[in-house]
Amino acid sequence: MNAPIRNPDEETALPRRRQMARVEDVARLAGVSTATVDRVLNQRPGVRLATVQRVLKAAGELGYVMEGALPASALRPLRLGFLLPAGNNRFLGMLGRLIAGSQDQLASFNMRARVEHIESFKPELLAHELRRIGREVDGVAFMALEHPTVREAVDALAERGVPSVTLISDIANTARAAYVGLDNRAAGRTAGQLIARFVGPRRAKVAMIAGSLSYRAHEEREMGFLHLFEELYPDIEVVGLREGHDDEAKNYRQTKTLLGQHPDLAGIYNIGGGPEGIARALKEAGRQDVVFVGHGLTPETRGLLVDGTMDAVINQQPLATLMSCVAIFANLRAGRPATEGTARPSIEIVLRENLP
């Protein structure tokens with residue numbers, strides 16, 4: 001990590017801010033107890049996400065700065081860079097907007113962040129951007145692609161003392177500091193179990209549409225899905241996997257082809273983004289009887305749940321993803337193990353009947 005930079009203005013301003021804003025003040029503004037504020041600011045579990053948001057909003061409005069292993073006045077803000085794939089993946093768009101709009105809350109942890117979007121599914125470009133942004137920030141969080149050039153870039157950052165955190169999709173055999181995301185094999189098995197239960201005890205065919213198997217997350221979801229049917233539901237045949245690159249138009253075409261090749265298709269698991277394309281093809285064919293399970297609760301998937309086109313969404317909270325990153329980089333700066341006090345995001349199953 002870069003050596004601390006002394007800023008005389010910051011050293012005089014921050015103590016004044018801490019004198020003005022105390023834990024009690026944050027608790028009062030957020031309408032919670034001081035114990036809840038302490039749990040939120042120290043990344044301990046057991047607090048509802050809506051409460052976390054209120055506490056962070058209050059801390060940001062009051063200019064509260066957490067006390068850490070080193071005085072905040074002795075450290076300049078930790079500069080974080082988030083590299084996310086560009087494109088039409090609504091969940092990633094929500095995550096990017098959340099990070100960009102959370103600067104006041106991040107300031108409460110003596111951090112600031114920038115979000116950059118790069119073209120998806122291009123490992124050489126991702127590796128180049130990792131090296132570039134690594135020269136400008138103190139830590140990097142990114143959605144990984146499994147590729148030798150990306151592994152080399154991650155290891156090069158680590159050698160320079162710039163930790164990296166993988167988001168949503170991990171990468172093997174690197175010096176990355178931590179992974180923030182679901183257990184993707186478990187997510188794939190969960191999708192399979194949902195589809196099998198909705199289809200019922202009969203012979204049937206189901207299919208998968210992935211973004212790209214260059215993402216380890218998508219590959220692991222596929223493996224979990226396949227193994228679930230092999231182990232528990234041998235009467236249900238998985239008829240293949242297609243890649244749609246999280247693109248609505250490509251997913252539309254892939255679904256039309258699947259329905260043409262398999263008129264008796266009973267279920268589709270959308271491993272990545274672009275659910276609107278699948279939904280449009282199902283509606284045009286009058287096949288809303290096809291069980292449709294996907295990932296990421298967004299305004300679009302919410303609408304598809306409401307109108308009955310989608311049956312279930314496997315979700316992870318963008319705010320939980322951001323807060324895990326905050327905790328990890330705070331731990332690293334303080335010399336603690338990267339994932340101390342953090343927990344892997346839990347899998348949420350969202351149905352029309354339990355929409356939040």
Table column - 3J(HN,Hα) (Hz), segment 305-313, Karplus curve with 6.51, -1.76, 1.60, x for Gly and Pro: 5, 4, 8, x, 6, 9, 9, 7, 10
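Given contacts defined as C-alpha pairs under 8 Å and at least six residues apart, what's the relative contact order of the chain, whole-number percent? Let's see the in-between values first.
On the way: 682 pairs, mean separation 52.7, N = 356.
Once normalised by length, the contact order is 15 percent.
When the convex hull of the Cα atoms of segment 275-325 is projected onto a plane and the area is averaged over all directions, what value comes out in nm²?
Details: hull surface 14.4 nm².
Spelled out: convex hull of the Cα atoms, projected over all directions, averaged, 3.6 nm².
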Other-chain or far-sequence residues with amide H under 5 Å of ASN88's (modelled H): none
Karplus (6.51, -1.76, 1.60) ³J(HN,Hα), θ = phi - 60°, over segment 101-108, in Hz, Gly and Pro reported as x: x, 10, 5, 5, 5, 5, 4, 5
Cα-only radius of gyration and Dmax that characterise segment 81-159, units Å: 12.9, 37
Mean separation of Cα contacts under 8 Å (6+ apart) over length of segment 71-143, as relative contact order %: 49
Reachable lysines from LYS256, criterion Cα separation under 21 angstrom, eight or more residues apart if same chain: LYS205, LYS283
Estimated inter-spin distance, ALA158 and GLU348, nm [label 7 Å along Cα→Cβ]: 3.2
Amide H contacts of VAL238 (H built 1.01 Å from N, under 5 Å, at least 5 apart or other chain): VAL206
Long-range HN-HN contacts of LEU78 with modeled amide H, under 5 Å: MET111, ARG112
Cα-projected label distance for GLU237 with VAL23, points at 7 Å along beta-carbon direction, nm: 6.2
Rg ratio (alpha-carbon, reference 2.2 N^0.38 Å) - segment 44-199: 1.18
Net dipole in debye of the chain [+1 Lys, Arg Cβ; -1 Asp, Glu Cβ; about Cα centre; nearest 20]: 700
Accessible surface, per residue, of the chain when the full set of protein chains is kept, probe 1.4 Å, Å²: 44
Compactness of the chain, expressed as Rg and Dmax over alpha-carbon positions, Å: 22.0, 72
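The values are calculated or read from the model by the stated rules, or taken from the named source; none is laboratory data. Nothing here was measured: the structure is a model prediction, and the numbers come from that model. Here Cβ is always computed from backbone atoms with ideal geometry, including for glycine, and neighbour counts include all displayed protein chains. To get the accessible areas, we keep the full protein, side chains included, count just its heavy atoms, and leave off ligands, DNA and RNA. Shrake-Rupley method; radii C 1.70, N 1.55, O 1.52, S 1.80 Å.
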